[in-house]
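Visitor: I am attaching a structure below and will ask some questions about it afterwards.
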Amino acid sequence: MSLMKFITDSQIWKSIFRHKYPDNPRDQALAVLSNVFLHLHPIKVRKSGVRMSFTWCMGGLTFFLFLVETITGVLLMFYYRPVVEYAYNDIKALRDHVPIGIMRELHRWGAHLMVITVWLHMLRVFLTGSYKPPREFNWNVGVILLVLTLLLSFTGYLLPWDQLAIWAITVGTNMARATPLMGHEGPGAAFIQLGDVSLVTAGSDVRFGLLGSKTVGAATLLRFYVLHCIAVPLGAGLLIAVHFWRVRKDGGISGPM
Amino acid sequence: MLALLVPHLPEFIKNFIDGLLEPTMYFVLSVVGFWAMIQFRSFWTRGWFIGGFFAFAIVFYFWSLTDENFKLIVGKPDNVPITILFFSLAFLLWVAFRKMVINDRLIDKGLPTFEHREASRRVYCWPDLIYTEFLAMILCTVLLLVWAYYLKAPLEEPASLVKTPNPSKAPWYFLGLQEMLVYYDPWLAGVVFPTFIINGLMAIPYIDMNPKGNGYYTFKERRFAISTFLFGFIVLWVTLIILGTFLRGPNWNFFGPYAYWDPHKVESLNNVNLAEYVYLEWLGRALPSNILLRELPGFLTVIAYFAVLPPLLANLVFRKMYRDLGFIRYQTMVFFLLCMAALPLKMVLRWTVNLKYIVAIPEYFFNI
Ligand code: HEM
């Protein structure tokens, strides 16, 4: 006990924590206010909104999984090279040479779980009518986050560069051929011509833009890697910030007026 | 090891289920199940029901794993999330419907709902919220660690565009869309409808003008909104994912959950386009060579669906809604609703009259 007191009375401890143990209103407020992470929260919230049976904690878990994915993803990046010659073998090495290696598993199952939690989060927001005014805009931010979450999962699926990966991405991106006007097998594309030269071909349509080539290949691997590790996470991170800010500004977790 | 002790799932149960299920029956059963879920909500939201359901479902699930074919597809590492989705969705629907039923009863009696009673009370985030979040994070971490320790991430043969697997499937969360390809061409199933799903979701807050049910669980006050959304999410999204992942095998043929995926299974396809029905069967003449004339019946059908049906519905079914929403909101709502209904409608037309395309202009990749 006195050791505890010695620690909490030390200058080091006090330089970090600007409050006593939060068991009284003042310190409870300070605990949230003086911590940059906790201060995403307000000091007080509606009792109805903190119940797990109300929010299912699904938004919070989605965010938590996003963080898990970031950390495990950075670790995986140390060992993975997005080049056709190396990609598969790098992943294989993770399996074959690391005792009890679970980083890839954490990352993969975490990603699947994030897709599930984001759907369930949307379901709960819908069922509690939390998209209604004043939260219309935040629902829309959420819809974009939903799309980004699926994109994150989808772009990551290619990276192991095995049969599972390449065919899932092939099947998924084949749809883009059929984009109206912009895919070479899409309705209306045949009319986009300059004289006799048709402008939308297998080598110039949206699918080509997505893949960087006519089939899923080396260019696609690099493209998806950059999207997966940099572009989409940055976008999602940014929108999550907006999302949380708006939860606060729209009056916190919804409750009856 | 345990498998040796447990008797296998009896053949007659497997045969019954495999024989019963095919795409039509599967979809009909899911619609009936959905209807029953809405209709009998005050019955199944009782405590013992969910206990019984879970006991039954889990026993049946593990018992089914004694079947090699079932184990092969359901136990596939990347398909495990679907099982997790199924059970967590079932449980959370139970939680939500239970709250709705209880709150609806309170509303009937003119009493404040559960959330109304608690909303005015404010509690400190520390500890109430922070601890809940902490607990949720720990549980989630434990789940992930156990899952990651016991189930290896899959790694198949190195990628090769020469060796096409049969079936080739997109990642599981897109398999509802891939299943839609059976009924609609890629430009609709893969591009237009997904875009509409996203736009439709975004439009929801701007077309649902019902001020009630904001921030608390209720079914009664939001019947239409909740039923429609849940129909889309459960029947058209989740059950189609289950269908696409577990029950579609080589050549995208349908296989029961315990059936062997025979790559040589043949299914006769003798689907007929609308134009062929109209010109060949009803009018008894050859198809016109002019494409536009040939597809005129199809175009008229589509135009009628999107232009004539909305005002008709406004006058017959959605009178009150039309008054409340006004022209633009009503049109938006009805447009997305009709797009959503287009999938089950096409399914029914396929099953009953073998309809392939309503408009068929393969020359320009324009098939509806
Ligand atoms: C990466 C994805 C997402 C993250 C990390 C996230 C996170 C959160 C968190 C932590 C909350 C606080 C309340 C709660 O936990 O339920 C919240 C609220 C909310 N979210 Fe999300 N969310 C995401 C996606 C979505 C999606 C897909 C939607 C809807 C389409 C959505 C709509 C909303 C709305 C409207 C609120 C306010 C709810 C209320 O006040 O009760 N979010 N979100």
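The values are calculated or read from the model by the stated rules, or taken from the named source; none is laboratory data. Remember, predicted model here, so these are calculated numbers, not experimental data. Cβ sites come from the backbone with ideal geometry, for glycine too, and all protein chains shown count toward neighbours. For accessibility, only protein heavy atoms count, side chains too; no ligands or nucleic acids. Shrake-Rupley method; radii C 1.70, N 1.55, O 1.52, S 1.80 Å.
Visitor: If Rh is defined by the Kirkwood formula over all Cα pairs and Rg also comes from Cα, what ratio Rg/Rh do you get for the stretch A:1-43?
Guide: 1.04
Visitor: Please report the relative contact order for chain A, taking Cα pairs under 8 Å with a sequence separation of at least 6, and give it as a percent rounded to a whole number.
Guide: Working: 238 pairs, mean separation 47.5, N = 257.
Taking the mean separation of contacting Cα pairs over the length of chain A, I get 18 percent.
Visitor: Given bins 10 angstrom wide, list per bin the percent of all Cα-Cα distances in chain A, short to long.
Guide: 6, 22, 23, 22, 16, 7, 2, 1, 0
Visitor: Could you tell me the extents of the protein assembly as shown's C-alpha atoms along the three principal axes, largest first, rounded to whole Å?
Guide: 98, 66, 65
Visitor: Using +1 at the Cβ of each Lys and Arg and -1 at the Cβ of each Asp and Glu in the stretch A:67-212, identify which of A:T117, A:V98, A:W161 lies farthest towards the dipole's positive end.
Guide: It is A:T117.
Visitor: Within the stretch B:105-134, list the residues whose amide N lies under 19 Å from a label point set 7 Å along Cα→Cβ of A:N24.
Guide: B:124-128
Visitor: Right, here's the next one. When only alpha-carbon atoms are used, what values of Rg and Dmax, in angstrom, describe the stretch A:112-257?
Guide: 19.3, 64
Visitor: Determine which residues of the stretch A:163-196 fall in the zone a paramagnetic label at B:S168 would reach in this model, i.e. backbone nitrogen under 15 Å from the point 7 Å along Cα→Cβ.
Guide: Answer for this model: A:163-178.
Visitor: Once you charge only the Cβ atoms, +1 for Lys and Arg and -1 for Asp and Glu, what is the size of the charge dipole of the protein assembly as shown about its Cα centre, to the nearest 20 debye?
Guide: Computed charge dipole of the protein assembly as shown: roughly 2380 debye.
Visitor: Report the net charge of residues surrounding A:L38, where surrounding means a beta-carbon distance below 15 angstrom and charges are Lys +1, Arg +1, Asp -1, Glu -1.
Guide: Charge balance in the 15 Å sphere: 0.
Visitor: Okay, next question. Charges on Cβ only, +1 for Lys and Arg, -1 for Asp and Glu, centred on the Cα centroid of the stretch B:45-134; of B:G110, B:F56, B:F70, which one is farthest towards the dipole's positive end?
Guide: Toward the positive end, the furthest listed residue is B:G110.
Visitor: Take peptide B:186-196, look around each residue's Cβ out to 10 angstrom, count Cβ atoms belonging to other protein chains, and average those counts.
Guide: 5
Visitor: From Cα pairs below 8 angstrom and at least 6 apart in sequence, can you work out the relative contact order of the stretch B:158-239, rounded to a whole percent?
Guide: Relative contact order for the stretch B:158-239 comes out at 24 percent.
Visitor: At q = 0.18, 0.26 Å⁻¹, work out log10 I(q)/I(0) for the stretch A:71-153 with the Debye formula, treating every Cα as an identical point scatterer and leaving solvent out; two decimals please.
Guide: -0.82, -1.23
Visitor: With a point put 7 Å past each Cα toward its Cβ, work out how far A:T215 is from A:I12 in nm, to one decimal.
Guide: Reported label-point gap for A:T215 and A:I12 is 6.1 nm.
Visitor: Using a 1.4 Å probe, how large is the accessible area of B:R223, given in Å² and rounded to the nearest 10?
Guide: It works out to around 120 Å².
Visitor: Sort B:V192, B:V31 from largest to smallest accessible area, using a 1.4 Å probe on the heavy atoms of the protein chains.
Guide: Largest accessible area first, the list is B:V31, B:V192.
Visitor: Could you give the size of the charge dipole of the stretch B:216-368 about its Cα centre, using +1 on the Cβ of each K and R and -1 on the Cβ of each D and E, expressed in debye and rounded to the nearest 20?
Guide: Approximately 600 debye in magnitude.
Visitor: Let me ask something additional. On the first, second and third principal axes, largest extent first, how far apart are the outermost C-alpha atoms of the stretch B:86-223 in Å?
Guide: Principal axes ranked by extent give 67, 41, 22 Å for the Cα atoms.
Visitor: Of the options B:P362, B:F246, B:V235, report the single residue whose Cα projects farthest towards the positive end of the charge dipole of the stretch B:216-368 (beta-carbon charges: Lys, Arg +1; Asp, Glu -1).
Guide: Projecting each Cα onto the dipole axis, the largest value belongs to B:V235.
Visitor: Using the C-alpha gyration tensor of the stretch B:76-148, what are the square roots of 5 times its eigenvalues, in whole angstrom, with the largest one first?
Guide: Sorted largest first and rounded, they come to 32, 21, 5 Å.
Visitor: Oh, and also: If you take the square roots of the eigenvalues of the alpha-carbon gyration tensor of the stretch B:274-367 and sort them as a ≥ b ≥ c, do you get rounded (a/c under 1.5), prolate (a/b over b/c) or oblate?
Guide: In terms of gyration-tensor shape, prolate.
Visitor: Now for a separate question. Using helices alone, what [θ] at 222 nm do you get for chain B, with -39,500 (n - 2.57) per DSSP H run of 4 or more residues, divided over all residues and rounded to the nearest 500?
Guide: -18000 deg cm²/dmol
Visitor: For the stretch A:1-22 and the stretch B:279-301, compute the distance between their C-alpha centroids and round to whole Å.
Guide: If you average the Cα positions of each part, the centres end up 85 Å apart.
Visitor: Here's a follow-up. Give me the three principal axis extents of the stretch A:161-215 from the C-alpha atoms, as integers in angstrom, largest value leading.
Guide: Per principal axis, max minus min of the Cα coordinates gives 43, 17, 12 Å.
Visitor: Please compute the Cα-Cα pair-distance distribution of chain B with 10 Å bins starting at 0, giving whole percents from short to long.
Guide: Answer for chain B: a P(r) of 4, 17, 26, 26, 17, 8, 2, 0 percent.
Visitor: B:K109: accessible area at probe 1.4 Å, nearest 10 Å²?
Guide: Probe radius 1.4 Å; accessible area of B:K109 about 150 Å².
Visitor: For B:L269, tell me the accessible area in Å² from a 1.4 Å probe, rounded to the nearest 10.
Guide: 150 Å²
Visitor: May I ask for the distance between the Cα centers of the stretch A:91-156 and the stretch B:159-183, given as a whole number of Å?
Guide: 21 Å
Visitor: A further question follows. Assuming R0 = 51 Å, can you tell me the calculated FRET efficiency for the pair A:R95 and B:I328, based on Cβ-Cβ distance, to the nearest 0.05? Please list the in-between numbers first.
Guide: Details: r = 56 Å, r/R0 = 1.09.
Efficiency, rounded to the nearest 0.05: 0.35.
Visitor: Just need the relative contact order of chain B here, percent rounded to a whole number, with Cα pairs under 8 Å and 6+ apart.
Guide: The normalised contact order for chain B reaches 21 percent.
Visitor: Rounded to the nearest Å, what's the spacing between the alpha carbon centres of the stretch A:227-257 and the stretch B:134-152? Just the number, please.
Guide: That distance is 24 Å.
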